[in-house]
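Every number in this text was worked out from the coordinates using simple rules, so none of it is lab data. Note that this is a predicted model, so its numbers are computed, not measured. Virtual Cβ from ideal backbone geometry, glycine too; neighbours counted across all protein chains shown.
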Amino acid sequence: MLTVLVLLPTAVAVSLLCLPRGTPRSVHVAWTATAVVELALTATIWLRHPAGGGLSHQERARWLPSVGAGYHVGVDGLSLPLVAMSCVLFLACALYTWRQTDRVREFAVLFLFLQSTSLGLFVALDLILFFLFFDLSLVAMYFVIAGWGHRDAARSALLFFLYTFTGSLALLLGFIGLYLAADPHTFDIVELTRDDPLAGRTTHGALVLLAVGVGLAIKTPTVPFHTWLPPAHTDAPAAGSAVLAGVLLKMGTYGFLRIAMPVMPGAWRGAAVVFVVVGVVSVVYGALVAFAQTDFKRMVAYTSVNHMGYIVLAVGAAGTLGGDGPAGDRARHLAVTGSVFQMVSHGLLTGALFLLCGVLYERGGTHRTAAYSGVAHRAPVFAALTGVAAFASLGLPGFSGFIAEFQILTGSLGPQPVATGLALLGVLLTAALLLRAVRQVFTGPLRLPPTGPGQATTTRSFPDLAWHETASLTPLLALAVVLGLLPRFVLDVIEPASLGVLRLLAR
Amino acid sequence: MPTVNGPLWALVALPLAVGTALAAAGRRADRCAPAVAVGTATATLGLALVVARTRPRTEAPLLAGLPARLAVDGLSALMVVTVTAVTVAVLLFSVQDLGPGAARARFFGLMLLFAGAMLVTVVAATLPVLLMGWEVMGAASWALVGHRWRDPEPTRAANTVFVTTRLTDLGLYLAAGAALAGGGLAGSLALADLPHLTGPWLTAATAGIVVAALGKSAQLPFSFWLSSAMWGPSPVSALLHSATMVVAGAYLLLRLGPLLSATTWGGPAVAWTGALTALALGLVALAQSDLKQLLAASTCAQIGFMTLAAGVSAATGGTLQLVAHAAAKSLAFLAAGTWMTAWGTQALPALRSAARRHPATGVPFTVAALTLAGLPPLALWSAKDLLLAGALAQNVGLYAVGLAAATLSAGYAAKALWFVWRPAPTPAGQPPPRLAPAPPPRLTHATLGSLLLLTAVCAGLSALSLPPVRAAVDRQLGDVTPGSGGQPGPEPWELALSGGLAVAVLAGAAAAARLPAVTRAVTSAGARPGAGPRHRAARWCRAWLALPDVARALSAGVHRVARALAAFDDQVLARGVNGLARNLPAPTLAALDDRVLARSVNGLARGTSRLATWTAAEAERRVEAAVEGVAAAARAAGRRARAPQTGQLHQYLAQAAAGFTVLAVLFVALAR
């Protein structure tokens, strides 16, 4: 079933390429239908996932037996929510681009391929498989940015590719280190987790964790490895940005929870403080730099650095010793659960925000906030949805972001009081910066970017959301509300898995 | 024991759900919004009366081992009735105030959402639920204050309101983290468990709760946000100032009296903050020449008494103060709102003789103002004495400050009454009557009904001054604050003293109104710029103690830091990592260093001793030298790195593939 889930989009993509060129509409229908089927498959898998946790739907096949790598996939409480979130986001992107006319077939093919690689990464239980999907996702995203981006797209795409590719090489080095440490040599994540191959080998463990940590930190991205992110986002097409921030960034933090923590518990505990510091710096620095941005999309990009920083803080705090005893264990459990929840929440919300940025750009031709004022006069629904998305993103209760950040902050405070206290400032800064941008763009007297030199600032046409845009955005925000009010159905899946990670970490 | 209680869930869910639906429906629902909203509010009032009698508790699973709990006890029973009753009155009033042309669905929906969030705050028994109600209330207030979004000022004010209150909300996050870390296995983030924390966790939790409550209640030093909140429509002020938002902080402190008592510093810190706020903001209120700003400052001052009560464990006095103030303040804002709508001004001199010209609003306003003044036998008189008796039992100084603040409240009430009851100026040599051009407000039955209802409640609450009624309230609150039954009651002399002071101030104002000299002095005060220390002090008070300026300066400082960091991010981190040394010659880097690093160093050093300047210069030289070195090295590295950097993707891929091959060989060699 998982294999079908992973390979179906690629199969559709290949058939789109092989079959005679259809109309853009038929391509869109095929793409959207595939995304719907994927979502339905995920729902089925979710329903059949055992309530008690553990890996389910595992599939194995011989692949590269000589090097100890096999095709091994499966889902548990860490990956299942991410798989579901990715499917929702890819469907939203398919709907969002419904009216696109520029090389639709190629765009759809890339996105379908991207969906395969993303889902494949989340279900992979073999390091080489993980690495393969990690790199293939970079290739697909490179072409999305370079082919459909604006302004300096080629350069930004190249920077993105080279930077994250370097990160993936570091990751590969780390994986090889793990492989060599295991006896018998293997790349299987389940076996590596069971064996804890680096137990008692401090130097070897630290080096492997350094390589893996840097590789994943580049992808996440954390300060100071985040500099590829703003240009990539600014120049990427809206749907590309949504997937890049919503799905691809999660590969980094997912890697921490899937590989770094369970497979190298000793090394992780030793270096946990580093991750705490990196997380806090990302939270505060990301928020402060976002505060100074004058470009709406760039600002949203920097808030991703901030939001992903919370996850790094939580997984770091989970590895530290402070707040011992049962209270400490509960706090750490809350923090790790919150970090997984944050990945889902951030995927939905930042996806929505980037799609909204795309709406702004498509109508106004710029992301510069100062170029707009009073857009709500012309596009009230767009204004209302952006306002809701901004409040959701700043962690307002009633939305998923609050459940995530509350768990992370409450859980991390016990183990790491000073760092978490500083991270609280991020909650305030994101509120200030998002509301300032919303006020600038949507309220006040109407002012739009002039259509040409000497043109008035109100002549440009700025239609409100079209149905396909509403249809792609509303489910994302509605889901954020559902997760914010009734989080149990997701938490019931995550909690056993996060408890499992903590047990493995405590070995 | 998890039990599901229908009325309690409905109490919070009904206004939230209907409010969200109305706000989401947008202009399509404008026509039916008032009826739906008033109906919902009335139904909620009915539910509030039910749960106030049955006192249910209920819970639902939320986070791992941390359920969401709602409960109604004696204190929250009083609160839910107060909140819902005031909401009904204010919504009734809004039907006329927000005319058919206004965005009624959005307004009424958000008002319901606002009241519903307050109800969640009131019945929350665990911290996550409290925080949810607390912050959603803040967000609703943002949308309501910025209701007139076409103008720039209301939205700016809305951002100030939300960001300021969110700053202090961080205290609740801190308290939750501390409660979990210090609570052991039994820790459930229940409010009732907070006092059992120990050591630093107790300190952290108390500090967090206190800061959050002081911020929400606009106590010192956070009072300035309430001045901004005045940009909302009048009904918003009537609700925000009376039974929701600002009283949420005082309510939380009253509820968590045992937590304040668990630390040695919590009670006194809270009590003194409340007393000083009552005093300072009383002066601010007295200095205002704008009716809405006067009422706003008086809200801070009156809530200062509730905070004081929480700090000295006088929960009964604080609660009575809260309930009576809610009735009086909502009434005052509604009556004043009709004047502002009819005559388009809120300046006191321009509202001269407003009450005289329109007694249907003038009388309710007068009842409200006299209640705020603490005139016997109106409810705030005895409530204040009850809580001041608690203060006297702890500290004479606290009592003296409180009594002075109570006298000030008579002063600012007298000032407002003085203006609105003054006869219109006579034509001889005076400016013509300013209210003449516009006709007095014409009120619909709903508006009149809401004013009469609140006036009756305001006057009827005087019964709270009777000892048997007070004893009943005391018993009602017994389960919240065990031992509050032993709370000292006011001695007769205390009641006589405070009542006498209020009467004296009001009578003095009435008498002075007959003296032309005084009239001239008061009318022209503020119009004439003066240079003396007295004038400076008055200006300082009128400007809300310069607190808004301080806040602006702080926010500008953060912005400057943010911009500097962004420049650093763009120019140093991004480029440095890029390996684009060729685009960044050393002079640029050095210039950046001068601009960013050196300037901030210089900024710090300016005004300090010469030693500091010398050090800064020295440090700068070294930093510059180091940066020059780094830049030179980067340039050299860049030259070397440029060789393979051709900008052609296939060549990069070829390089990457070569790297891969090396790795693969290594890997195969080692794997054997």
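Does A:Leu422 fit the bill of being part of a helix (DSSP H, G or I) and crowded, with 22+ Cβ neighbours inside 10 Å? Walk me through how you get there before you give the answer.
Numbers: part of a helix (DSSP H, G or I): yes; crowded, with 22+ Cβ neighbours inside 10 Å: no.
Taking the combined requirement at face value, the residue does not satisfy it.
Suppose we filter B:Gly208, B:Gly232 for residues that are among the small types (Gly, Ala, Ser) and within 30 Å of A:Leu334 (Cα to Cα); which single one remains?
After applying the criteria, what remains is B:Gly208.
Mind checking which residues of the stretch A:302-326 are in contact with a Leu (Cβ under 7 Å, 6 or more places away or on another chain) and surrounded by fewer than 24 Cβ atoms within 10 Å (Cβ to Cβ)?
A:Pro326 - this is the single residue of the stretch A:302-326 that is in contact with a Leu (Cβ under 7 Å, 6 or more places away or on another chain) and surrounded by fewer than 24 Cβ atoms within 10 Å (Cβ to Cβ).
Are any of the residues in the stretch A:331-352 crowded, with 24+ Cβ neighbours inside 10 Å, among the charged types (D, E, K, R) and within 14 Å of chain B (Cβ to nearest Cβ)?
Yes: one or more hits.
Between a residue in the stretch B:13-30 that is more than 9 Å from every other protein chain (Cβ to nearest Cβ) and any residue that is among the charged types (D, E, K, R) and crowded, with 20+ Cβ neighbours inside 10 Å, which pairs come within a Cβ distance under 6 Å, given they are 6 or more apart or on different chains?
Once the first residue is more than 9 Å from every other protein chain (Cβ to nearest Cβ) and sits in the stretch B:13-30, its partners that are among the charged types (D, E, K, R) and crowded, with 20+ Cβ neighbours inside 10 Å give B:Asp30/B:Arg104.
Taking the criterion of being touching a residue at least 24 places away in the same chain (Cβ under 8 Å) and surrounded by fewer than 24 Cβ atoms within 10 Å (Cβ to Cβ), would at least one residue in the stretch B:236-257 satisfy it?
The initial filter retains those residues of the stretch B:236-257 that are touching a residue at least 24 places away in the same chain (Cβ under 8 Å), namely B:236-257.
Now narrow it down to the ones that are surrounded by fewer than 24 Cβ atoms within 10 Å (Cβ to Cβ): none.
The answer is no, given that none of the residues of the stretch B:236-257 is touching a residue at least 24 places away in the same chain (Cβ under 8 Å) and surrounded by fewer than 24 Cβ atoms within 10 Å (Cβ to Cβ).
Determine, yes or no, whether B:Pro195 is at the interface with chain A (Cβ under 10 Å from one of its Cβ atoms), touching a Pro at 6+ places or on another chain (Cβ under 9 Å), part of a helix (DSSP H, G or I) and not aromatic (Phe, Trp, Tyr).
no
Please work out which residue is surrounded by the most Cβ atoms within 10 Å (Cβ to Cβ), limiting yourself to the stretch B:40-65 and to residues that are more than 30 Å from B:Ala472 (Cα to Cα) and more than 28 Å from the chain's Cα centre (by Cα).
The initial filter retains those residues of the stretch B:40-65 that are more than 30 Å from B:Ala472 (Cα to Cα), namely B:40, B:60-65.
Those still in the list that are more than 28 Å from the chain's Cα centre (by Cα) too: B:60-61, B:63-65.
Numbers: B:Ala60: 14, B:Pro61: 14, B:Leu63: 25, B:Ala64: 19, B:Gly65: 16.
If we take residues in the stretch B:40-65 being more than 30 Å from B:Ala472 (Cα to Cα) and more than 28 Å from the chain's Cα centre (by Cα), then B:Leu63 is surrounded by the most Cβ atoms within 10 Å (Cβ to Cβ).
Output the qualifying pairs, or none if there are none: Cβ atoms under 6 angstrom, residues six or more apart or on different chains, first residue in the stretch A:391-411 and more than 8 Å from chain B (Cβ to nearest Cβ), second residue buried (at least 24 other Cβ atoms within 10 Å of the Cβ) and in a loop (DSSP other than H, G, I, E, B).
A:Ala392/A:Phe399; A:Gly401/A:Gly395; A:Glu405/A:Gly395
Assess whether B:Ala204 counts as being out of contact with any strand residue (DSSP E or B) (no Cβ under 7 Å at 6 or more places or on another chain) and in a helix (DSSP H, G or I). Walk me through it before giving the result.
Working: out of contact with any strand residue (DSSP E or B) (no Cβ under 7 Å at 6 or more places or on another chain): yes; in a helix (DSSP H, G or I): yes.
In short, yes.
Do any residues in the stretch A:431-444 that are touching a residue at least 12 places away in the same chain (Cβ under 8 Å) and on the phi < 0 side of the Ramachandran plot have Cβ atoms under 9 Å from those of residues that are outside any helix (DSSP H, G or I) and of a type in the set (Ser, Thr, Tyr), where the two are at least six apart or on different chains, and which pairs are they?
Short answer, once both residue conditions are applied: A:Gln440/A:Tyr372; A:Gln440/A:Ser373; A:Val441/A:Tyr372; A:Val441/A:Ser373; A:Phe442/A:Tyr372; A:Phe442/A:Ser373; A:Thr443/A:Ser373.
Report whether or not A:Ala292 is free of Cβ contacts under 8 Å to residues at least 24 places away in the same chain, within 12 Å of another protein chain (Cβ to nearest Cβ) and in contact with a Leu (Cβ under 8 Å, 6 or more places away or on another chain).
yes
I'd like to check something: does the stretch A:364-372 contain any residue that is under 25 Å from A:Glu469 (Cβ atoms), in a helix (DSSP H, G or I) and among the hydrophobic types (A, V, I, L, M, F, W, C)?
First, the residues of the stretch A:364-372 that are under 25 Å from A:Glu469 (Cβ atoms): A:364-372.
Now drop any that are not in a helix (DSSP H, G or I), which leaves A:364, A:369-371.
Those still in the list that are among the hydrophobic types (A, V, I, L, M, F, W, C) too: A:370-371.
Among the residues of the stretch A:364-372, at least one is under 25 Å from A:Glu469 (Cβ atoms), in a helix (DSSP H, G or I) and among the hydrophobic types (A, V, I, L, M, F, W, C), which makes the answer yes.
Which residues, taken from the stretch A:220-256, are more than 26 Å from A:Ala108 (Cβ to Cβ), within 14 Å of chain B (Cβ to nearest Cβ) and either assigned to a helix (DSSP H, G or I) or under 11 Å from the mean Cα position of the chain (by Cα) (or both)? Before you say what the answer is, go through the steps one by one.
Initial filter on the stretch A:220-256 (more than 26 Å from A:Ala108 (Cβ to Cβ)): A:220-227, A:230, A:252-253, A:255-256.
Pick out the ones that are also within 14 Å of chain B (Cβ to nearest Cβ) and you get A:221-227, A:230.
Selection gives A:Pro221, A:Pro230.
Which of (1) over 28 Å from the mean Cα position of the chain (by Cα); (2) over 30 Å from A:Arg194 (Cβ atoms) is the odd one out, the single condition A:Ser472 does not satisfy?
(1)
Of all residues in the stretch A:178-200, which are touching a residue at least 24 places away in the same chain (Cβ under 8 Å) and either among the basic types (Lys, Arg) or at the interface with chain B (Cβ under 10 Å from one of its Cβ atoms) (or both)?
A:Tyr179, A:His185
Within 14 Å of chain B (Cβ to nearest Cβ), part of a helix (DSSP H, G or I) and of a type outside the set (Ser, Thr, Tyr): which single residue out of A:Val273, A:Val277, A:Val281 fits that description? Don't jump to the end; show me each part of the working.
Working: A:Val273 fails: within 14 Å of chain B (Cβ to nearest Cβ); A:Val277 fails: within 14 Å of chain B (Cβ to nearest Cβ).
That would be A:Val281, the only listed residue that is within 14 Å of chain B (Cβ to nearest Cβ), part of a helix (DSSP H, G or I) and of a type outside the set (Ser, Thr, Tyr).
Given (1) within 11 Å of chain B (Cβ to nearest Cβ); (2) in contact with a Lys or Arg (Cβ under 8 Å, 6 or more places away or on another chain); (3) surrounded by fewer than 24 Cβ atoms within 10 Å (Cβ to Cβ), where does A:Tyr361 come up short, assuming only one miss?
(1)
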